[in-house]
Structure formats: structure tokens, C-alpha cells
């Protein structure tokens, strides 16, 4: 698949999802970038803005299997990964797959579950496999987890530890639609939900080909150095107690390759790195107490770092 063909496939996926998620191209585009880059997305937003429909629409667009896991305080790790059940007829244990065995998994309100259950999901995300009773079961390919997170001000939530946040490729928000967009959504859904009419515009094999094209996307030494300068600056920033990890640097490069592929190019420009850095790095850093008390956010500090870091010509 050529870079131009890859861009056409990716654009068809984005446009198909836009039939359901109106006016949120940026979020859709970033989610497709994560799908191509082989990572996972954390959505932090208020209820009712379309997080579930985003995951379901992507699954239907690529002809994949969709599963939704509602995280609750009493959810067990086996409710996510599956369980072995003894079969009286065969006198042996049979593995019953859990909802994690799907192409697109919506982990709804992940921070309402206990840390133990969160870890079970994140282990499957990292290894793309589930192990039960010493037997390893591979997860489908492609595999994308879209986890939703309630704002920390909500009651009954467990904050995700920094080590677990670092495993998400990027953190996104959807936000409220504009007045006209919301009116359009309401009018369309009074008759039937647009997601019911979606037809696949890509296959799992084409998504795998997109990943191959993205990984072959050329990254120059100047772009590598630019990404390193940004990440290094987060480790030295005055308002940050902890900067981004090397996993953040790798995520930044992989996503930049995927974004360049979306744009039909076989090389990464500094623009992709700069454009994606806030959504990839902001959730990987920890604010100092004085910065938090003064009302600063991680995104604001990342923004100042990007302004101060020279962009290669």
C-alpha cells in the first residue's frame, strides 16, 4: 500500500465516523491515529457527549467486533479477561473469553473500578494478550481500547496512577457540540440513530497495512532531536515534578508517523510532533503542588514548552 492509498483509506474511516460524531473531526482523527500507531486512548469528558458512539462507530467502520465494559467498584479482573469453567462432559476446564477479546473495546468509566481490575485491563493493553491459569490467549488484531474517565471531581472514582496513565498513547476530550451541531444531532436521532446505518469502509487487513505504512514513514535526525528536546524540557520544567518518560518519546514519534500517513506522506515533519505533543505528553507529567495551587494545568505548561523549543527548518 502506497502512502497515497493509505491516506485514502484513513480518510474514508474518518468520514464514515463523522456521520455519527458530528463536528468532532479532531477527536476522530486522533483516535484513528492511535489505531494506526497501535496504542490506546483515554477519553476524559462529561457523560453524554458521544464517547460510546465514537468507539462503536470505529468498530463498525472497520468491520470489527465491539465490546463495552462498564467498570463498577465490584467488577472483578475475570469479568474483563474471562474465566475457566469446568466442563462435566469433557472433564476439563474450558476458557470462556471475556469482553476484552474484541477489536474495539470501550472501557467505560475506568476510574470507578478498583486498582486491581484496572491493572487487569492495562496488562491486556500492554501485552495484547490475556493469561489465565498459566495459558496465554492472544487478543484480536487490530486491538484498540478506548477508556473513558470521569473527572476527578465526580464521586466514587479511583484516580488512575501515573504508571497506568503512561500506558495510554494519548488522552483526548470530545467536548460539547456547538448549538447548530447539537440541533442536527437531535433531529437525526429522533428518527433513528445514524450508527445503525453505518457500513464498513475498511477491513482489519487494511488497518494492518496502514500500520505497516506508518512504521516505514521516515523520521529524520532533526525530527528525532526535536521530539527529544520537547520531552527533555518536560523533565526540567519549573512547574513539573515529573516529566514524560521514554515511553512518551516513543509514543510521540509513532503518532507523528501515523499522522503523516493520514496526510499521504512517507516522512514525518516537525509539525506533526508539535501538533500532537499536548495530547500525548500532558497526562504523562505530574504538576508541582505550587503550580497546581496557582491554577496551572499540564497542558498549559506543555504549550509553553512548545513555544520555547525551536522548530527545525
Residue check for residue 298: touching a residue at least 40 places away in the same chain (Cβ under 8 Å), surrounded by 16 or more Cβ atoms within 10 Å (Cβ to Cβ) and either assigned by TED's automatic domain parsing to the domain that holds residue 44 or over 26 Å from the mean Cα position of the chain (by Cα) (or both): no
Those residues of the stretch 98-113 which are over 17 Å from residue 82 (Cα atoms), in contact with a helix residue (DSSP H, G or I) (Cβ under 9 Å, 6 or more places away or on another chain) and surrounded by fewer than 24 Cβ atoms within 10 Å (Cβ to Cβ), in sequence order: 108, 111
Every pair of residues 6+ apart whose Cβ atoms lie under 8 Å, when the first sits in the stretch 23-37 and is without any contact (Cβ under 8 Å) to a residue 60 or more places away in the chain while the second is in a helix (DSSP H, G or I) and buried (at least 24 other Cβ atoms within 10 Å of the Cβ): 28/17; 28/54
The one condition in (1) outside any helix (DSSP H, G or I); (2) touching a residue at least 60 places away in the same chain (Cβ under 8 Å); (3) within 15 Å of the chain's Cα centre (by Cα) that residue 106 fails to fulfil: (2)
Residue within the stretch 242-256 that is in contact with a strand residue (DSSP E or B) (Cβ under 8 Å, 6 or more places away or on another chain), within 22 Å of residue 167 (Cβ to Cβ) and at pLDDT below 90 present: yes
Test set (1) in contact with a strand residue (DSSP E or B) (Cβ under 7 Å, 6 or more places away or on another chain); (2) surrounded by fewer than 13 Cβ atoms within 10 Å (Cβ to Cβ) - residue 67 fails condition number: (2)
Tally of residues being without any contact (Cβ under 8 Å) to a residue 60 or more places away in the chain, in contact with a helix residue (DSSP H, G or I) (Cβ under 8 Å, 6 or more places away or on another chain) and either farther than 25 Å from residue 300 by Cα or assigned to a helix (DSSP H, G or I) (or both) across the stretch 269-288: 8
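If we keep just the residues of the stretch 174-202 that are closer than 30 Å to residue 252 by Cβ and surrounded by fewer than 17 Cβ atoms within 10 Å (Cβ to Cβ), which is modelled with the lowest pLDDT?
Filtering the stretch 174-202 for residues closer than 30 Å to residue 252 by Cβ gives 174-177, 201-202.
From what is left, the residues that are surrounded by fewer than 17 Cβ atoms within 10 Å (Cβ to Cβ) are 175-176.
Details: 175: 77, 176: 80.
If we take residues in the stretch 174-202 being closer than 30 Å to residue 252 by Cβ and surrounded by fewer than 17 Cβ atoms within 10 Å (Cβ to Cβ), then 175 is modelled with the lowest pLDDT.
If the requirement is being assigned to a helix (DSSP H, G or I) and within 23 Å of residue 303 (Cβ to Cβ), which of these qualifies: 235, 211?
Details: 211 fails: within 23 Å of residue 303 (Cβ to Cβ).
Only one candidate passes the filter, namely 235.
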Subset of the stretch 237-274 (residues that are within 16 Å of the chain's Cα centre (by Cα) and closer than 26 Å to residue 295 by Cα): 248
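The values are calculated or read from the model by the stated rules, or taken from the named source; none is laboratory data. Computed from a predicted model, the values in this text were never measured in an experiment. Because the Cβ atoms are built from the backbone with ideal geometry, glycine has one as well, and the counts that use them run over all protein chains shown.
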